[in-house]
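To start, the structure itself, in structure tokens.
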Amino acid sequence: MKPSVVLYKSLPDDLRSKLDEHFDVTEIAGLTPETLSQYADAFRQAEGILGSGGKVDAEFLEKAPKLRAASTVSVGYDNFDVDALNARGVVLMHTPTVLTETVADTMMALVLSSARRVVEVAERVKQGEWQGSIGPDWFGIDVHHKKLGILGMGRIGLALAQRAHLGFSMPILYNARKHHEEAEARFAAQYCDLDTLLKESDFLCISLPLTEQTHHMIGREQLAKMKSSAVLINAGRGPVIDEQALIEALNDGTIFAAGLDVFEKEPLPVDSPLLKMANVVALPHIGSATHETRYGMAKDAVDNLIAALSGNIEKNCVNPQVVK
Ligand code: GLV
């Protein structure tokens, strides 16, 4: 008999067929309290789950007593309680490599569009405001040769450093838990403490996962240390920034602009003050959202689950220690 799996995200046909070859699949619309009770039996039988979004914690695990592997279609896994998974010996698989370049592209798009006010001025053109030659009220700020600070130097930070340094001649500063030799050797990235990063960066780009340590890492005190001409970019997880403090900093000119792909609450509430600010570019969490990359992530997630449920967790496993 094939192992039972609950699929809580729809997959391209070929990947769905591959999953069906290996598993007895129950597909549901998402991981919510409603689907959890509606498909209680499927969760009771499930040895694997695959999808993205939804909370997987100790309470969930009680409802899935046979679970051996969870496969998320994402690099981030802050919606999983890894301690609870570890306690139950459940492996967590994710997609850390396939989306790197695409997310770095998104970050560079936020850098460029915030600095050059691309979204704002394009909207003004559509509104018919372009009536003569443009003046300083349409101008932005330069990107090339400015200092780009990276908070969190992982794969995505490195890919961003490559774009910024080699493509835009930007000196790179970074702060991370440890030195990144490759970033230093290839892109002349300079390691510095957080205070220096805040004070020196013209563009401060956050590429951190959400953990207890990174929650609200950028708040009022940190924003106050930034240049008034600085642009803050976040494409990691929203709660790394204290959003209320950011709103105030953007309103009172503490910083120049923000380019945000992630928010404390997603979808961003339609009454968020951020949506009324001309100096904010707000994207709907599109970091990895291209056809090619989303397909690649789904493929990796399927392969990860097949591998994990046959005992192979060499690649893409968050907590391999639980089975060693
Ligand atoms: C996207 O935010 C991801 O974690 O893959």
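Compared with the direct C-alpha span, the chain from Thr32 to Arg124 gains 29.1 nm at full extension, assuming 0.36 nm per residue. A compact globular protein would have a Cα radius of gyration near 2.2 N^0.38 Å; the ratio found for the range 78-158 is 1.76. Evaluate E = 1/(1 + (r/R0)^6) for Ser133 and Leu166, where r is the Cβ-Cβ distance and R0 equals 30 Å; express this FRET efficiency to the nearest 0.05. Working from the Cβ atoms, E equals 0.30. Calculated [222 nm] ellipticity per residue, helices only, for the chain: -10000 deg cm²/dmol; basis is -39500 (n - 2.57) per DSSP H run with n ≥ 4, divided by all residues, nearest 500.
Normalising the average separation of contacting C-alpha pairs (under 8 angstrom, six or more residues apart) by the number of residues puts the relative contact order of the chain at 19 percent.
Net charge dipole, the chain: roughly 420 debye, given to the nearest 20, about the Cα centre with Cβ charges of +1 for Lys and Arg and -1 for Asp and Glu. Considering only Leu160, Val231, Val56, and ranking their Cα positions along the charge dipole of the chain that arises from unit charges at the beta-carbon of Lys, Arg, Asp and Glu, the one farthest toward the positive end is Leu160.
Take the Cβ atoms of Lys66 and Glu212, set R0 to 45 Å, and the FRET efficiency comes out at 0.90. The phi torsions of the range 290-298, fed into the Karplus equation with coefficients 6.51, -1.76 and 1.60 and a -60° offset, translate into couplings of 10, 4, 5, 6, 5, 5, x, 5, 5 Hz, rounded to whole numbers, with Gly and Pro shown as x. Note on the chain: semi-axes of the ellipsoid equivalent to its C-alpha gyration tensor, largest first and rounded to whole Å, are 39, 22, 18. What FRET efficiency would be calculated for the residue pair Arg44, Leu275, taking the C-beta separation as r and a Förster radius of 45 Å, to the nearest 0.05? E between Arg44 and Leu275, to the nearest 0.05, is 0.60. Of all lysines in the structure, those lying under 24 Å Cα to Cα from Lys126, and not within fewer than 8 positions of it along the same chain, are Lys276. Taking amide H atoms as placed 1.01 Å from N in the peptide plane, the amide H of Gln190 lies under 5 Å from those of Ile172, Leu173, Tyr174, each 5 or more residues away in sequence or on another chain. When you restrict to C-alpha pairs under 8 Å that are six or more residues apart and normalise by the size of the range 243-305, the relative contact order lands at 30 percent. Summarising the label geometry, the points placed 7 Å from Cα in the beta-carbon direction at Asn79 and Leu112 lie 3.0 nm from one another. Test of understanding: in a Gaussian network model of the chain with alpha carbons linked when under 10 Å, which of Ile28, Ile156, Ile172 would top the mean-square fluctuation ranking? Comparing Ile28, Ile156, Ile172 in a Gaussian network model of the chain, the most mobile one is Ile28.
Please give me, ordered by residue number, the GluC sites (Glu not before Pro) of the range 83-130 that lie in loop per DSSP and have at most 16 other Cβ atoms within 10 Å. Here the GluC sites (Glu not before Pro) that fit, given the DSSP loop and packing criteria, are Glu129.
The calculated pair-distance distribution of the range 1-97 uses every alpha carbon pair, bins of 5 angstrom beginning at 0, and gives 3, 13, 26, 28, 20, 8, 2 percent. Extension gain for Ala87-Ile286 works out to 68.3 nm (0.36 nm per residue, less the C-alpha to C-alpha distance). The chymotrypsin sites (Phe, Trp or Tyr not before Pro) of the range 122-224 meeting both criteria, a DSSP state outside H, G, I, E and B (loop) and at most 14 other C-beta atoms within 10 angstrom of the site's C-beta, are Trp130, Phe139. Average 1/r across all pairs of distinct alpha carbons in the range 119-183, invert it, and you get the Kirkwood radius: 14.3 Å. Within the range 160-177, whose backbone N sits under 14 Å from a point 7 Å along Cα→Cβ of Lys227? Counting only backbone N, you get 170-173. What trypsin sites (Lys or Arg not before Pro) in the range 1-68 are in a loop by DSSP, with at most 16 other Cβ atoms within 10 Å of the Cβ? Sites meeting the loop and neighbour criteria: Lys55, Lys66.
Rounded to the nearest 20 debye, the dipole magnitude of the range 160-267 is 220 debye, with +1 charges on Lys and Arg beta carbons, -1 on Asp and Glu beta carbons, and the Cα centre as origin. Ordering Asp195, Asp300 from the fewest to the most neighbouring beta carbons within 10 Å gives Asp195, Asp300. May I ask which of Lys55/Lys225; Lys2/Lys55; Lys2/Lys315; Lys146/Lys178 have a Cα-Cα span longer than 31 Å here? Distance filter (> 31 Å) returns Lys55/Lys225. When the convex hull of its Cα atoms is viewed from all sides, the range 127-269 shows a mean projected area of 10.0 nm².
What the Cα convex hull of the range 23-62 gives, in volume per residue, is 74 Å³. A Gaussian network model of the chain, with springs between Cα atoms under 10 Å, assigns the largest mean-square fluctuation among Val281, Val118, Val302 to Val118.
Relative contact order of the range 190-295, taken over Cα pairs closer than 8 Å and 6 or more residues apart, is 23 percent. Given the C-alpha centroids of the range 40-105 and the range 220-293, what is the distance between them in whole angstrom? Here the answer is 27 Å between Cα centres. Per residue, the convex hull around the alpha carbon atoms of the range 244-307 comes to 117 Å³.
No lab work stands behind these numbers, since they all come straight from the coordinates. Only a predicted model underlies this, so the values are computations on that prediction, with no experimental measurement involved. Methodologically, a virtual Cβ is constructed for each residue, glycine included, from the backbone with ideal geometry; neighbour enumeration extends over all protein chains shown.
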